[in-house]
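In what follows, a structure is listed as C-alpha cells, so that the remarks can point back to it.
Bear in mind these aren't lab numbers, they're just calculated from the coordinates by the rules spelled out. Predicted model only: the values in this text are computed from it and were never measured. Neighbour counts are summed over all protein chains in view; Cβ atoms, including those assigned to glycine, are modelled from backbone coordinates with ideal geometry.
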Amino acid sequence: MITVLLSLVLISYGDVGFTLSDEVVVWQLRFPKIIVAFFAGGLLASAGLLLQVFFQNPLAGPDLLGINAGSSLGVALFIMASGFLPESVMTIGQPFMAMIGAMGVFTLLAFLVHKNLSRISLLILGLLIASFTSSFISVLVNMTPSLQVKNFLMWSMGSFQGQTLEELPLFIFLSFVGILLLITLPKKLNQFIIGEQYAKSMGMNVRSFKFSLILICSLLVATVTAFCGPIGFIGIIAPHIARSFLKRSDIRLVMPAVFLIGSALALFTELILIFTSQYSLATNSILGLIGAPVIALYLYKERRML
C-alpha cells in the first residue's frame, strides 16, 4: 500500500510541481525513475536478506561485505575501456562486468565461510575489499581520459534516475529473472536457516544450494549496481524492518515483505530528493541518514548477544 502511494505521488509530482498533462515529463522522466526505484530497492533488499541468511550475520549486506565494491570495480573497468570497445557491446557490457565483479567477491566470501572464518573477520575483509577496489579505481581514474572519468564519477554517485524508456527493457528483464529465481528459494532457505545438517537430512545438496545463492545474489546486486550505481544501506535495513513488523522468521512471509519494504525505501528516497531538489543531495546521502540509525538501534537492542 505504501509502495503504491509513493509511486502515485512520484508520478504526479516532480521538480516542476504537480502535473499529469505533460506526457514527456510523466512518461519519459518520472515513469522510468519509479520503475527503476521499485525494482532496484526490492532487489537490493532481497540480496541483503539472502546474505544475512547465508552468513548467519544480521549486518551482512552488499555494501558492508564488499560485493558492491567488486561490482563497482567491474563497471569501472568497463567504462574506462569503453573508448576502445565496439558499439555492439556497450548495452550489455556494463551489466555483465558488474555481475562478474560481484560474483568474484561473493565467491571469495563463500569460500572463506566454508573455511569457518569468523563473522567479524568477514566484515573486516569486506572493508578491506572496498578499500582495495577504491584504491584500484583511483589508479584507473588517473590513467583514463577525462570523458570516461566523468561518466564513471556520475555513475558512482548512485541514482535511480537517468534511465530512459529505451533502457528499461533490459533492466526489467534482468529484474524479472532475479525475481523468478527468488521465488524458488523460500522453502530451501527455511531449511538452511535451521542448520546445514538438517538441510542435508531433508535431501538438500547444500554445496549446490550455496553456489546457487552466490549466483542469485551476484545477479541481484550487479543488476542494480550496473544501472543505478553503488546504492547502500537498503540491503541491510530492509530485512530488519520486515522482521520487526512480521515478528516471524518464515522466509515465505519475510521475502515478499523485504522486497516491498526495499522498494518503498527507494521510492521514499526519491520523494525526499524531489522535495530537497534545490540542495542537489545524493541518493546514498539520504539512505545513509535513514540506515545508520536503524543499524545503530539494532545493535543496541542486540548488545547482549554480541
request  = Would you mind getting me the FRET efficiency between L297 and R252? Use the beta-carbon distance for r and R0 = 25 Å, nearest 0.05.
outcome  = 0.40
ask   = How high is the FRET efficiency between T107 and M143 when r is their beta carbon distance and R₀ equals 25 Å, given to the nearest 0.05?
value = 0.35
message = What distance in nm separates the two pseudo spin-label positions at I11 and M154, each 7 Å out from Cα along the beta-carbon direction?
response = 2.8 nm
ask   = How about K33: which lysines have a C-alpha closer than 30 Å to its C-alpha, ignoring those fewer than 8 places off in the same chain?
value = K150
ask   = Stretch E167-S277 to full length: gain in nm at 0.36 nm per residue minus the Cα-Cα span?
value = 37.2 nm
inquiry  = Charges at C-beta only: +1 for Lys and Arg, -1 for Asp and Glu. How large is the resulting dipole of the chain about its Cα centre, in Debye rounded to 20?
reply    = 1380 debye
remark   = Mean Cβ-within-10 Å packing, highest first, puts peptides 37-50, 266-279, 131-144, 212-225 in the order 37-50, 212-225, 266-279, 131-144
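Select from the chain the helices, each a whole stretch of DSSP H, whose alpha-carbon atoms run 30 Å or more along the helix axis and whose Kyte-Doolittle mean is at least 0.0; answer none if there are none. The partial results should precede the final answer.
Values: long enough: 31-55 (36 Å, 1.86); 90-114 (36 Å, 1.57); 119-142 (35 Å, 1.81); 206-228 (33 Å, 1.81); 251-275 (36 Å, 2.14).
Helices passing the filter in the chain: 31-55, 90-114, 119-142, 206-228, 251-275.
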query = For the modelled label position 7 Å from the Cα of I92 along Cα-to-Cβ, which residues of the stretch 164-186 have backbone nitrogen atoms closer than 17 Å?
reply = 167-178
task = Which order do the peptides 185-192, 63-70 take when ranked by the mean count of other beta-carbon atoms within 10 Å per residue, highest first?
result = 63-70, 185-192
task = Compute the distance in nm between two label points, each set 7 Å from the Cα along the Cα-to-Cβ direction, one at S285 and one at S208.
result = 5.0 nm
remark   = The lysines whose Cα lies under 25 Å from the Cα of K187, excluding any fewer than 8 residues away in the same chain, are K200, K210, K247
note = Taking only C-alpha positions in the chain, Rg and Dmax in angstrom work out to 19.2, 60
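Restricting to DSSP H runs of at least four residues, report the calculated mean residue ellipticity at 222 nm for the chain, -39500 (n - 2.57) per run over all residues, nearest 500 deg cm²/dmol. If you can, show how the numbers build up before the last one.
Working: 13 runs with 221 residues, N = 306.
After summing the helix terms and dividing by the residues of the chain, the value is -24000 deg cm²/dmol.
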